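Here is the structure we will look at.
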Amino acid sequence: MRIEVAQRRARIGRRHRLAAEARADDPVEVARDMVALHASDPPTVYLALFARLAGAAADVRTVDRALYEDRTLIRMLAMRRTMFVTPVESVPVLHEAAARTVAGRERRKLLGFLAEAGVADDVERWLAEVEAVALAAIEARGELTSAELAEQDERLRQPLVLARGKSYEGRQRVVARLLLLLAAEGRIVRGRPRSTWRYSPYRWSLAQRWYPVAPEPWTAQDAEVELARRWLAAYGPAPVEDLRWWTGWTVTQTRRALAGVRPVEVELDGGTGLLLPDDLEPVPPVEPWAALLPGLDPTPMGWSRREWFLGGHGPRLFDRNGNIGPTVWWDGRIVGGWAQRRDGEIVHRLLEDVGAEAARAVLAAVAELAGRLGEARITPQFRTPLERELAG
């Protein structure tokens with residue numbers, strides 16, 4: 001069975017909620033359909049949702065309510081040690097399938113940093129004592145920022161040297177690495193940011209107090225199968241290498257998960273892809289659509305092989321570490337980039353001739369985003385060549 005590029009692009013329009021007829025009313029619905037939203041850069045979550053929500057739902061208040069009042073969306077480290085926002089019911093799936101491995105690595109790294117710093121002869125015991133202090137302080141206060149927590153015990157202010165001797169050597173206090181570890185282990189969660197929706201740091205709360213209802217637990221094997229199934233539902237058809245890259249799994253994990261899913265092999269341009277066995281029917285075409293997606297948006301970051309929607313525009317739209325910047329889309333493919341200048345103006349550049357209809361639709365998308373942002377100013381955390389050029 002062959003799946004043409006046009007069909008893959010139609011699936012982006014519908015399943016990624018980017019076509020006008022596919023937009024959603026609820027941010028949780030969008031996050032569920034995308035599996036998870038990239039959240040390494042705080043504004044990404046909001047801008048990704050603005051592009052996919054209809055009408056009045058596409059505003060900061062709606063997203064904040066889901067994150068901090070209803071608490072139906074949660075921030076967590078998961079695949080590839082990347083920050084994501086995902087529906088609360090998905091937390092145990094992502095935790096068992098990805099975050100638990102991340103947490104194990106973070107604990108080993110922190111113990112290594114502590115040993116190098118010479119904090120104690122028994123660094124495991126030292127760390128256990130400091131963990132207990134931190135958790136007790138968060139429980140007593142309800143929520144704390146990193147700076148507030150560091151005042152609770154001098155050991156939390158202990159400096160650590162990261163990547164000693166490297167060109168990127170840095171320093172961090174124990175409190176920062178400890179909070180990262182406790183969050184990866186699922187014991188604490190990131191709450192409302194200290195300032196605005198565009199910036200961290202966050203306030204920290206105990207996970208057991210944060211969740212409105214405790215999520216149902218999953219086994220690691222079942223979670224891996226479920227995560228592969230959800231990814232294929234959102235991003236299939238796609239090569240197995242894309243799934244392995246997106247999850248950060250080993251070859252063995254990937255094979256084990258796919259054995260539980262039993263996907264169907266299909267022919268794609270340039271190779272073989274996988275589809276869920278109940279997803280072989282083509283999706284109906286959508287009306288052509290334009291969208292302005294933020295840096296690290298989950299759609300372009302959903303695959304490692306992007307030529308079928310990226311074309312030759314990669315060098316101008318990615319930074320040196322593989323992070324994509326703000327992009328302009330037309331009907332399922334990237335055709336340009338955009339940026340916001342310091343005076344608030346949103347500027348864009350089309351990198352190919354897309355015709356008058358597309359150009360008008362892009363201008364409408366620019367005006368829509370400008371209206372959503374209002375007085376807010378956005379500078380991506382990961383700057384790319386075209387974004388820097390446009391921003392001035």
**OP:** Please give, to one decimal in nm, the separation of the simple spin-label points placed at Arg157 and Arg255, each 7 Å out from Cα toward the Cβ.
**Re:** 5.3 nm
Original post:
List the chymotrypsin sites (Phe, Trp or Tyr not before Pro) in segment 90-198 that DSSP assigns to loop (not H, G, I, E or B) and whose Cβ has at most 16 other Cβ atoms within 10 Å. Which are they?
Top reply: Tyr168
**OP:** Assign one of three labels to segment 119-199, namely rounded, prolate or oblate, based on the Cα gyration tensor with a ≥ b ≥ c the square roots of its eigenvalues; rounded applies when a/c is under 1.5, prolate when it is not and a/b is larger than b/c, and oblate otherwise.
**Re:** oblate
Original post:
Is any residue of segment 378-392 close enough, with backbone N under 14 Å, to a label point placed 7 angstrom from the Cα of Arg349 along the Cα-Cβ axis, and if so, which?
Top reply: 384-392
Original post:
Taking the Cα centre of segment 33-168 as origin and charging only Cβ (+1 Lys, Arg; -1 Asp, Glu), how large is the dipole, in debye to the nearest 20?
Top reply: 620 debye
Subject >> Cα centroid of segment 59-124 to Cα centroid of segment 138-185, whole Å >> reply: 14 Å
Subject >> Longest exposed-site-free window of the chain, the sites being trypsin sites (Lys or Arg not before Pro) in a DSSP loop that have at most 13 other C-beta atoms within 10 Å >> reply: 1-163
Subject >> Segment Glu89-Glu265, length gained on full extension (0.36 nm per residue, minus Cα span) >> reply: 60.4 nm
Subject >> Label-point gap, in nm, between Glu124 and Arg164 - each point 7 angstrom along Cα→Cβ >> reply: 2.2 nm
Subject >> Residue-span extension gain [Val213 to Arg61] - 0.36 nm each, minus C-alpha spacing >> reply: 52.5 nm
Subject >> GluC sites (Glu not before Pro) within segment 1-95: DSSP coil, no more than 13 neighbouring Cβ in 10 Å >> reply: Glu4
Original post:
Okay, helix-only estimate at 222 nm for the chain: each DSSP H run of n ≥ 4 adds -39500 (n - 2.57), divide by all residues, round to 500 deg cm²/dmol; what do you get?
Top reply: -12000 deg cm²/dmol
**OP:** Can you list which of the GluC sites (Glu not before Pro) found in segment 320-383 are DSSP loop residues with at most 14 other C-beta atoms within 10 Å?
**Re:** Glu345, Glu352, Glu375
**OP:** Net charge near Ala56: determine it from the other residues with C-beta under 13 Å of the C-beta of Ala56, scoring Lys and Arg +1 and Asp and Glu -1.
**Re:** 0
Original post:
Which residues does a label at Tyr199 reach in segment 371-387, if reach means a backbone N under 13 Å from a point 7 Å past the Cα toward the Cβ?
Top reply: 377-379
Original post:
Roughly how many whole Å is it from the C-alpha centroid of segment 1-51 to that of segment 320-392?
Top reply: 17 Å
Original post:
When ligands, DNA and RNA are left out and all protein chains stay put, how many square angstrom of accessible area per residue does the chain have with a 1.4 Å probe?
Top reply: 44 Å²
Original post:
Across segment 71-77, in residue order, what do the Karplus-derived ³J(HN,Hα) couplings come to in whole Hz, using 6.51 cos²θ - 1.76 cosθ + 1.60 with θ = phi - 60° and x for Gly and Pro?
Top reply: 6, 8, 10, 10, 8, 7, 6
**OP:** Determine the share of the chain's accessible area contributed by carbon and sulfur atoms, expressed in whole percent, with a 1.4 angstrom probe.
**Re:** 47 percent
Subject >> His38, His348, His313, reordered so the largest accessible area comes first (probe 1.4 Å) >> reply: His348, His313, His38
Original post:
Can you work out the FRET efficiency for the pair Leu206 and Ala367, with r the C-beta to C-beta distance and R0 = 35 Å, to the nearest 0.05?
Top reply: 0.20
Subject >> Calculated FRET value between Arg2 and Arg305, using beta carbons and R₀ = 25 Å, to 0.05 >> reply: 0.90
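The values are calculated or read from the model by the stated rules, or taken from the named source; none is laboratory data. Predicted, not measured: the structure shown is a model, and the values here were computed from it. Because the Cβ atoms are built from the backbone with ideal geometry, glycine has one as well, and the counts that use them run over all protein chains shown. Side chains included, ligands, DNA and RNA excluded: accessible areas come from the protein's heavy atoms. Shrake-Rupley method; radii C 1.70, N 1.55, O 1.52, S 1.80 Å.
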